[in-house]
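Values quoted throughout were computed directly from the atomic coordinates according to the rules given, and no laboratory measurement underlies them. A quick note: this is a predicted structure, and the numbers were derived from the prediction, not measured. For neighbour counting, all protein chains shown are included, and Cβ atoms are generated from backbone atoms with ideal geometry for every residue, glycine included.
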Amino acid sequence: MERSIKKISGFFSGNYKVLLLLVFLLFLLRPLVGNDWYRPIWKMIFTFSLIAAVFNCNHRRSIKIICLILAIPTIVFGWLNIYYAKPTVVIANALVTFFFLAISTYSILCDVILRARVTLETLRGVICAYFMVAFAFAYAYYLIEYLFPGSFYLARQHISSSLYVEYLAQMIYFSFITLLTIGYGDVVAVKELGQTIVILEGILGQFYIAIIVARIVAVYSISSFKWMSRKGKK
């Protein structure tokens, strides 16, 4: 009984364990196939990820309320998008998902950057935020392609934007290689709006590594200096 209570309380403690596992599974099992049984499984993992992004993070109370309010339509429209992919549903799903991911990621980054010491929770939060940035841009690319067909070109094959699962999988892949500034060239932004968002993600990917690493090193150096000072006084 006590173990169960500790596990439940741990989920609400802001240690990012559950969220890290779920976002990794989202990437690893991204919807590469359009089978009827596969889409609900991936969407179920995504739903749990949204819940974890609300409760398993160290958000301020106001941010947690905003994320919770956005999580409800994100989950509803996400499931509707699988079985009732009408234009209004697709657009609403992409929009609310993007804003939810953007706000929750911003809150996580504020937490881990402003955290006064380098801990395992800090590192988990950094990784979670990195994954969530990529997912947020993936939904942005998906929305752009849906509203303005032909904004992105897939070298291997053309996938209709109406095929939600297959196209979203390609956009997740493209978002990660853009954030990592790899750029294989098999997926290309060919219109102005798409190109602008891609450049923004590439810039964000560069600054993310630079700022986060610099912050962690700075905090670690200060902690080490204080520890050495206390040791020297003894």
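In whole angstrom, how far apart do the alpha carbon centroids of segment 186-212 and segment 77-142 sit? When both Cα centres are located, 16 Å separates them. Peptide packing for 211-218, 39-46, 73-80 was compared via the average number of neighbouring C-beta atoms within 10 Å per residue; ordered from the highest value, the list is 73-80, 39-46, 211-218. Packing, as the average of other Cβ atoms within 10 Å across residues, places the peptides 100-111, 53-64 in the order 100-111, 53-64, highest first. Per-residue packing, averaged as other Cβ atoms within 10 Å, sorts the ranges 172-181, 191-200 into the order 172-181, 191-200, beginning with the highest.
Multiplying the sequence separation of I65 and K86 by 0.36 nm and subtracting their Cα-Cα distance, what value in nm do you get? All intermediate terms of the calculation are to be shown ahead of the outcome.
On the way: separation 21, 0.36 × 21 = 7.56 nm, distance 2.88 nm.
Additional length available on full extension: 4.7 nm.
Using a cut-off of 29 Å between Cα atoms, the listed pairs K17/K191; K64/K191; K17/K43 include K17/K191; K64/K191 as exceeding that distance.
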